[in-house]
Amino acid sequence: MASNGSKRRTGAEFRAARWLTRHPGATLTPAAVGASVIQLGTATTGMIVGSGATALVGWYRAHPGSFDNLAAPVLRAWKRRWISYVGPRWSGTMADCGLTREHRKTGEQLVPRLLRVRSYSTTTDTVHLRMVRGQSIEDYEARLSALRDAFRAERVGVERVRPRVLALIVQRGESFTEVIPAPEIPSGPDAVDLTSMYIGDDEFGADLRIALQGQHIFCAGASRAGKNSLGWGLLRTLAPMVRAGLVRLWVVDPKQMEFAKLAGVAHRYAADQDDCLDLLTDYVTDMQTRQALLRDKGRRKAAVTTETPLDLLILDEMAALTAFSDHVREVRKLISLIGSQGLASGNVMVGFVQDPTKDTVPVRDYFTTRLCLRVTVAAQVDMVLGEDARKRGALADEIPNVPGTAGIGYIIRPHTRAPLRFRLAYVDDAEVDELITALRTPPPGLRSVA
C-alpha cells in the first residue's frame, strides 16, 4: 500500500513481513518444530508431537463437555480460517461480491482485512473483518445474498462490532437438529430470576435468556411455528412464584385451545369476546390503582411482593381482539395503556400473533422484546424485529414449513441490533400437565422477593 502520497506500492518483502506479524502462528509453529528437531532430534520431536496428539484425543474421548466447550471451538476456527477463509480465497470472495476497492493512486486492490474467525458451534462461524476505508455496514447488508452463495452457506448475517470492524455470522448448516428440552420447574421462588428467563438456545450453543420484569414480549409466527412454547416455557419457570402469590396470571385466550388448561389456575381467565374486554378493563383498573398507591408512597417502581405481585397478561392470538373483535377500539385503547404505562407498576404483557401487520396489530410498537418465528412474507420480518432486520440476516420467511423447524426464529441483540437465530425449548403435553399440577399444589409458605 502506498504511503506519504507515493504512487508506488510497498515492497513485497515488507508486505510478507507484515503478514507474518499479523499471523505469528504461521512463523512460530514451524520455527518451534524446526528448533526442536535441531536441539532434540527427530525422534524426540516426534514423541513430543505424538504425545500432544494423544493427550488431545484422550481429552476428546474422556471429557466431551470440556473439550467441546474449550478445545473444539479453537481447533474448528483454526481449520476454517486456513481452509474456508484463507488469503486468496478470501480476497477472491470479497472481489467477486463487490466488496473491494481500488487505491486511487497506485491502482492496488484494497481488500477488507480478515481479523479473526470464531467457531463456537459446529455450524456457525463468526468472521471479524476490518472494512476498507469508505465502506459502511450498508455495503455489506446489500451483498449478504451474494456472500451467502459465495461461502456456500445457509445464511450470512452482519453486525457492527466497533468503528470500521464488522462481524459476519456465517451459518453453514442447520444449527438446530434436535428438540430442546423444556425448562425445569425451579424448586422455589428464590430460584427464579425475572430479569434472565431461559427460553431456549441460540445459534452459538448458548442459553437464550430474556427479561420478563420490565419488558413487554411480542412473539409472531405463522400457524404451527411453535409460538406457544414461549408461553409455556416462561410459565414453567414462573411456577413457584405463581404458587407463592408473587406472580398473578391474567390470560386472554380467544381460541380457547392453547391456554385453556390455565382456566382453573390463573388469577383471571377469559375466552369470550365480552369476557376478554372485561378482563382487560379490570387489569387496567388494577394497574391504575397500583400506580396511585406507588405515587402516594413516593416510589417510582414496584417491587415484586405478595402485596404488589407481578401481573402477567398473556394475550393469545391478539388479532382476534385487535382486528376482528366487536370491541376493537376499546381493546386497542386498553392494550395501549398497558403498553405505555404498565412496566413500572409490574404490569407485563406477553402477546402472540400470526399476522403482525399494522392493520392487524397496531399496538405492536409497545412491545419492547420481540421474537419472530417462521413467517410467510419477507416484509413481516421487519414488521416484528424492526427496520432492516431482514437485510442484516433475519431470514424468518425462509424457515421451512416443516415440523422439524418449530420454535426456530430470530431476536435482535440489544447492544448491536444484529439478528440472533434461536430455537425455543419445546414444552409437550405431559410437561404442560406437570406445570398445571405444580400450580395446583399448595405452596409450603408465602415468601416475598424484592
(message) Please pick out the residue among Met318, Met349 that is touching a Pro at 6+ places or on another chain (Cβ under 9 Å) and in contact (Cβ under 8 Å) with a residue 12 or more places away in the chain.
(response) Met318
(request) Answer yes if at least one residue in the range 163-174 is farther than 21 Å from Val86 by Cβ, outside any strand (DSSP E or B) and touching a residue at least 40 places away in the same chain (Cβ under 8 Å), and no otherwise. (result) yes
(request) Starting from residues that are surrounded by fewer than 14 Cβ atoms within 10 Å (Cβ to Cβ) and of a type in the set (Gly, Ala, Ser), keep the ones in the range 264-301 and report whichever is farthest from Gly339 (Cα to Cα). (result) Gly264
(message) Filter the range 64-110 down to the residues that are touching a Lys or Arg at 6+ places or on another chain (Cβ under 6 Å) and at pLDDT below 80 and list them by number.
(response) Lys105, Thr106
(request) For the range 235-249, indicate whether the set of residues that are touching a Phe, Trp or Tyr at 6+ places or on another chain (Cβ under 9 Å) and in a strand (DSSP E or B) is non-empty. (result) yes
(message) Give all pairs with beta carbons closer than 9 Å in which a residue from the range 47-72 that is acidic (Asp, Glu) meets a residue that is at pLDDT below 75; count only pairs at least 6 apart in sequence or on separate chains.
(response) Asp68/Tyr60
(request) Could you tell me which of the residues Val74, Val57 is out of contact with any helix residue (DSSP H, G or I) (no Cβ under 8 Å at 6 or more places or on another chain) and either part of a strand (DSSP E or B) or within 26 Å of Arg421 (Cβ to Cβ) (or both)? (result) Val74
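For the range 363-450, which strands (runs of 3 or more DSSP E) that fit wholly inside it have 1 or more residues that are in contact (Cβ under 8 Å) with a residue 60 or more places away in the chain, out of contact with any Leu (no Cβ under 8 Å at 6 or more places or on another chain) and among the charged types (D, E, K, R)?
Answer list for the range 363-450: 419-424.
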(message) Against the definition (surrounded by fewer than 22 Cβ atoms within 10 Å (Cβ to Cβ), farther than 27 Å from Gly264 by Cα and in the same structural domain as Arg299 (by TED's automatic domain parsing)), how does Glu431 come out, yes or no?
(response) no
(request) Exactly one condition in (1) within 20 Å of Cys372 (Cβ to Cβ); (2) in a strand (DSSP E or B); (3) touching a residue at least 24 places away in the same chain (Cβ under 8 Å) is not met by Arg209; state its number. (result) (3)
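The values are calculated or read from the model by the stated rules, or taken from the named source; none is laboratory data. Keep in mind that what you see is a predicted model, and the values were worked out from it rather than measured. Note: ideal-geometry Cβ built from the backbone for every residue, glycine included; neighbour counts use all protein chains shown.
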